[in-house]
Amino acid sequence: MVALVFIYNHRFDKNIPILEDIYKDRFSNIFHLMPFYDGDKENVIPIYEHSFYFQGYIAQASKILKEKGNFEHFMFVGDDLLLHPSVNENNYKEFFTISSDESFTTFIHDLMKTGEYWDLFLMHKAQFFEIPSSPGTGLEISKELPSYEEALKRFKEKGFDEPYILPEHVYKLPKRTDFKKNIFGEYYYRKRKKEVENLLKQDKVKVSYPIVSGFSDLLIIPKGDFSLFARYCGLFAAARLFVELAAPTSMILTCKKIKTQDDLNRKGVLLWDNDREKFEKKYDNSFDKLFSNFPDDALYIHPVKLSKWTKN
């Protein structure tokens, strides 16, 4: 038995019936994690968290989800992601090639391989230089997370080395005297001027805690790992660590074995910029046409603006 749990970046109640109509014949246990929800649907769990840190949704909902049933896996899916239409509660393990104690995410990269995603991560500031924070800072999670040494041990067990980034990724502007616009922000620079300047002089910049990057709009977590995974997600949400750093890091720290799309023949189809408009035109914004002609080699389609699509 699997729980299909939709995560909403923003409150959009109109997507609830659309998603339930799409998946009702494929999954018996469907839930929605909706920011600030005040309606009366029993399978919608209200969440109070910033969408940039939606790993916190999982932490807030974890107790309720565990009480809803004895689920073998919890499948967290973005509300703008459409799974391959053949995936259902009876075959999902075969589809994603996971066993009862295995997890799945699209991909996980070390910090030096984030490539084109660096601008996205840096947009969300430099929290990975300050985690875990020390007592007295208002964020006292250092004793709640595994130690640096223990975290690094778990990273190496999963094939990841000690994380670092290059100075040019810390600071991307051509003039290193202009700190007002860098990722640390003017206040951070005034407060930590020498520390920042020392970081920029290093060949490699060691981060304060082992961190990886990845994709967070499709996560499958087994029952045995779920409680601890949700706990770490909550800690990283409190630390304001961007979800696409926090969720995969929580998986590395928690999950016994992680499968990715590299283990499958199918891959996720990501639609950015003009690709989404071309995709919508190809299928005339029709769910029927899409599901009847869904790319067979696709794990899912993302993002899909559901409000623009119709059933016919």
**OP:** Could you grab me the full set of residues in the range 202-246 that are among the polar types (S, T, N, Q) and within 20 Å of SER147 (Cα to Cα)?
**Re:** SER208, SER213, SER227
**OP:** Working only within the range 262-312, note down all residues that are hydrophobic (A, V, I, L, M, F, W, C) and at pLDDT below 90.
**Re:** TRP272
**OP:** Mind counting the residues in the range 270-281 that are under 18 Å from the mean Cα position of the chain (by Cα) and crowded, with 17+ Cβ neighbours inside 10 Å?
**Re:** 1
Original post:
Which residues, counting only those in the range 245-280, are assigned to a strand (DSSP E or B) and touching a residue at least 40 places away in the same chain (Cβ under 8 Å)?
Top reply: LYS257, ILE258, LYS259, GLY268
Original post:
Which one is nearest to the chain's Cα centre (by Cα), of the residues in the range 250-269 that are surrounded by fewer than 15 Cβ atoms within 10 Å (Cβ to Cβ) and not basic (Lys, Arg)?
Top reply: ASP262
**OP:** Kindly provide the set of residues from the range 204-244 that are in a helix (DSSP H, G or I) and closer than 23 Å to PHE96 by Cβ, ordered by number.
**Re:** LYS223, GLY224, ASP225, PHE226, SER227, LEU228, PHE229, ALA230, TYR232, CYS233, VAL243, GLU244
Original post:
Has the range 210-231 got at least one residue that is touching a residue at least 24 places away in the same chain (Cβ under 8 Å), crowded, with 21+ Cβ neighbours inside 10 Å, in contact with a Leu (Cβ under 8 Å, 6 or more places away or on another chain) and of a type in the set (Val, Ile, Thr)?
Top reply: yes
**OP:** Only residues that are in a helix (DSSP H, G or I) and touching a strand residue (DSSP E or B) at 6+ places or on another chain (Cβ under 9 Å): list them for the range 293-312, please.
**Re:** LEU306
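The values are calculated or read from the model by the stated rules, or taken from the named source; none is laboratory data. Because the structure is predicted, anything quoted here is derived from the model rather than measured. All Cβ positions, even for glycine, are placed from backbone atoms using ideal geometry, and neighbour counts span all protein chains on display.
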